[in-house]
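Below you'll find the structure, written out as structure tokens, and then a few comments.
A short reminder: the numbers here are calculations on the coordinates, not readings from a lab. Just so you know, these numbers come straight off a predicted model, no measurement behind them. Neighbour counts are summed over all protein chains in view; Cβ atoms, including those assigned to glycine, are modelled from backbone coordinates with ideal geometry.
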Amino acid sequence: MPSTGTNSPTAGTAPSCAATEAVRLERVSFAYGGQCVVNDVSLTIPTGAFVTILGPSGCGKTTLLRLIGGYLTPEHGQVFLQRSDVTAQPPQRRHVGMVFQNYALFPHLTVRQNVAFGLEVRGRAKASVRQQVDAVLDKVGLSPAERDRFPSQLSGGQQQRVALARALAFEPPVLLLDEPLASLDRHLREQVRLELCRIHRQSAVTTVMVTHDQEEALASSDIVGVMRAGQLLQVDSPRELYDRPRSQFVARFLGDANLIEATRLGLNQKGTVLIRPEQIRIGTEHPGRVIAVNFHGADLVAEVQCQDFVLKLRTRAISDLSVGDPIALDLPREHLWEIPDEDSL
């Protein structure tokens, strides 16, 4: 059983931002049919940030997004946009861009007409609408040949870009993305994710995305909030969440996690420490034997039985391991992170 030092560092908080707040939720709750799906959530999102709400299906993340957008009204608590209380305002009064998971494009309208719709209902002049539509379609990378097509004539990735262009066309201060990449294949997801990040950098629009995909959240976001059962468990930078989770749920949800019972030196006090598979080194400290091997391209992932615990190892240091091979592992102290007891949170 490994041991830890006398104290672990304090878990970090989301990076501070000198800019004004774009979104603030104060103790917001919402229930469906008597079942609470968002439970007393408070969250402040700085202007210009890319924030992702991450969690498993049914945790309440899409409901939280709809509460920000005005598509649902909280039973308790308040919603603020640019410091104005919009709790009772409908979506059209909030001037928030929303990209729904199913895109919600008008099937009888062309790409140009879909994107122009929001501008036209706001009373923009026709010349201004045409100019803005072309500008935003340029921004999302849709060619002139694609702009007169109907949604049924477009691929999933193209439809996603149209939905994004429609949400951005009226230059909203806040953009809401509901699982925007969920219906795309893996290769296309990565392409569109990079496009979202590029557009965010160019436009600096405050972006709030919900997803169940941890890789998307960590790779795209300035700030990530992890939800479970209607509650925000932790809101932090991606690096802080990954390296210093404040609960075993967050540790496990954000990738592979070795959670090991440990004893603090000099205190005889037991706890749980985290070390990620890629942080383990081949060495001499903990002798063991390989019990499973998986090939992951450049990486080799192995499960190793070490005395009374099993460790998952991800390495490029060796290219070949077989079940039954002896191996010894080192757990670098700088990568051991003590997780608080669940009851103390």
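Averaged over every viewing direction, what's the projected area of the C-alpha convex hull for region 110-255? Give it in nm², one decimal, please.
Mean orientational projected area (region 110-255, Cα hull): 9.8 nm².
For Cα Rg over 2.2 N^0.38 Å, the choices are (1) 0.96; (2) 1.16; (3) 1.08; which was calculated from the structure?
Given (1) 0.96; (2) 1.16; (3) 1.08, the calculated one carries the label (2).
What angle do you read, to the nearest 10 degrees and between 0 and 90, between the alpha-carbon axis of helix 111-121 and the longest principal axis of the chain?
Tilt relative to the chain: about 70 degrees.
What FRET efficiency comes out for the pair Ser143/Gln92, r = Cβ-Cβ distance, R0 = 25 Å, nearest 0.05?
Here the calculated transfer efficiency is 0.20.
Within region 235-324, list the chymotrypsin sites (Phe, Trp or Tyr not before Pro) lying in a DSSP loop whose Cβ has at most 10 other Cβ atoms in a 10 Å radius.
Qualifying residues, ordered by number: none.
Contour minus end-to-end for Arg281 and Phe170, with contour as 0.36 nm per residue of separation and end-to-end as the Cα-Cα distance?
Computed gain between Arg281 and Phe170 is 34.8 nm.
Tell me the relative contact order for region 257-344 as a rounded percent, counting alpha carbon contacts under 8 Å between residues six or more apart.
The value is 34 percent.
I'd like the FRET efficiency for Ala31 and Ser155, computed as 1/(1 + (r/R0)^6) with the beta carbon distance as r and R0 of 35 Å, rounded to 0.05. Present the calculation step by step, with values, prior to reporting the outcome.
Details: r = 38 Å, r/R0 = 1.09.
After rounding, the FRET efficiency stands at 0.35.
Quick one: angle between helix 156-168 and the longest Cα principal axis of the chain, in degrees between 0 and 90, rounded to 10, please.
Once rounded, the angle reads 70 degrees.
Which ³J(HN,Hα) values in Hz, rounded to whole numbers, follow from the phi angles of region 170-187 under the Karplus curve 6.51 cos²θ - 1.76 cosθ + 1.60, where θ = phi - 60° and Gly and Pro get x?
Result, ordered by residue: 8, 6, x, x, 9, 10, 10, 10, 9, 6, x, 10, 4, 8, 9, 6, 4, 5 Hz.
Among Arg166, Arg189, which comes first, second and so on when ranked by fewest other beta-carbon atoms within 10 Å?
Going from sparsest to densest Cβ surroundings: Arg189, Arg166.
What percent does the relative contact order of the chain come to when contacts are Cα pairs within less than 8 Å and at least six residues apart?
About 20 percent, as a whole number.
Among Lys139, Lys61, Lys270, which comes first, then next, by fewest other beta-carbon atoms within 10 Å? Could the numbers behind the result be given before it?
On the way: Lys139 18, Lys61 28, Lys270 11.
By the 10 Å Cβ count, ascending: Lys270, Lys139, Lys61.
Going by amide H atoms built from the backbone, whose H comes under 5 Å of the H on His76, apart from near neighbours?
HN-HN under 5 Å from His76: Ser29.
Tell me, what is the FRET efficiency for Arg83 and Asp256 to the nearest 0.05, using R0 = 41 angstrom and their Cβ-Cβ distance as r?
Details: r = 41 Å, r/R0 = 1.00.
So the FRET efficiency works out to roughly 0.50.
Going 7 Å from the Cα of Arg186 toward and past its Cβ, which residues in region 244-259 have a backbone nitrogen under 16 Å from where you end up?
Residues passing the 16 Å test: 256.
Take Thr73, Thr44, Thr63 and order them by how many other Cβ atoms sit within 10 Å, fewest up front. Don't jump to the answer; show the numbers that get you there.
On the way: Thr73 13, Thr44 17, Thr63 22.
Fewest-to-most ranking of Thr73, Thr44, Thr63: Thr73, Thr44, Thr63.
Restricting to region 21-249, compute how many DSSP beta bridges are antiparallel as a %, nearest 5.
55 percent
What is the angle, in °, between the Cα long axis of helix 126-140 and the longest principal axis of the Cα atoms in the chain? Nearest 10 is fine, range 0 to 90.
20 degrees
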